[in-house]
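Please read the structure below before turning to the comments.
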Amino acid sequence: MTQVFDRTTVMEHEADGAVVARLWEGDVSALGTLYDRYGSLVYAIAMKGFRRVSEAEDLTQEIFLILMRTRSYNPSRGSLASYLTTLTRSRVIDRLRAQSTQYKYLKQWHQRQLGVDETTPMKHITQQEHRALVRQALTTLKAQQREVLELSYYEGHSQRDIAERLGVPLGTVKSWARRGLVQLRKQLEVLREDLL
């Protein structure tokens, strides 16, 4: 019984491989055959991910176009069902991530258009206090450490840019930054304790 199942599975793989080969040779009817076999599988995965018919339908169509155009399916590496399942799940995840990112940026843009500021007056005061503490702590650092941190964090320069600008080796800039941050952390802890 197991042997019969194995032979049947192998025959299905070979049949799928042969149909895919016909598709890649330009036989458009092969696309219909593959869609009849696996369209519902791809659609079900897409629908489970998106929960919207239109998006699931769009992705299903895209998956079969990818199969036709990219020629990335290799029958020796597994079944066509596994390939399509993996490809569909991957595309669902990619789209959901993109939608999440778009939603986040759209929400931020919308809030800016409406003039909505999510910071409360208390948060604003706290942010101002934090900035003042950092500026005060920076004054206690050695000149090189302070300059490297200011160029990096306030002006947005990379450590490589800072090394070129100051005419010192990159390792020296990294060392100054590391020591500066350690010293800055210690100084901020002291200043916070003084406030409390």
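Computed from the coordinates by the stated procedures, all read-outs in this text should not be read as laboratory data. Bear in mind that the values here come from a model prediction, so they are computed numbers and not experimental data. Cβ: placed from backbone, ideal geometry, glycine included. Neighbour counts: every protein chain shown.
Descriptive notes on the structure:
- Theoretical gain in end-to-end length, residue 158 to residue 89 [0.36 nm per residue, Cα-Cα removed]: 21.1 nm
- Trypsin sites (Lys or Arg not before Pro) restricted to segment 21-98 and DSSP loop, no more than 13 other C-beta within 10 Å: 51, 52, 71
- Per-residue HN-Hα couplings for segment 32-38 [Karplus 6.51, -1.76, 1.60; θ = phi - 60°; Hz; x = Gly/Pro]: x, 4, 5, 5, 4, 6, 10
- Percentage relative contact order, segment 24-103, counting C-alpha pairs under 8 Å, at least six apart: 35 percent
- Taking label positions 7 Å along the Cα-Cβ direction at both residue 131 and residue 51, the computed distance is 4.1 nm, reported to one decimal.
- Amide H contacts of residue 157 (H built 1.01 Å from N, under 5 Å, at least 5 apart or other chain): 152
- Computed 3J(HN,Hα) for segment 15-23, one whole-Hz value per residue from the Karplus formula 6.51 cos²θ - 1.76 cosθ + 1.60 where θ = phi - 60°, is 5, 4, x, 5, 5, 5, 4, 4, 4, glycine and proline marked x.
- Packing-based order for 25-33, 161-169, using average beta carbon neighbours within 10 Å, highest first: 161-169, 25-33
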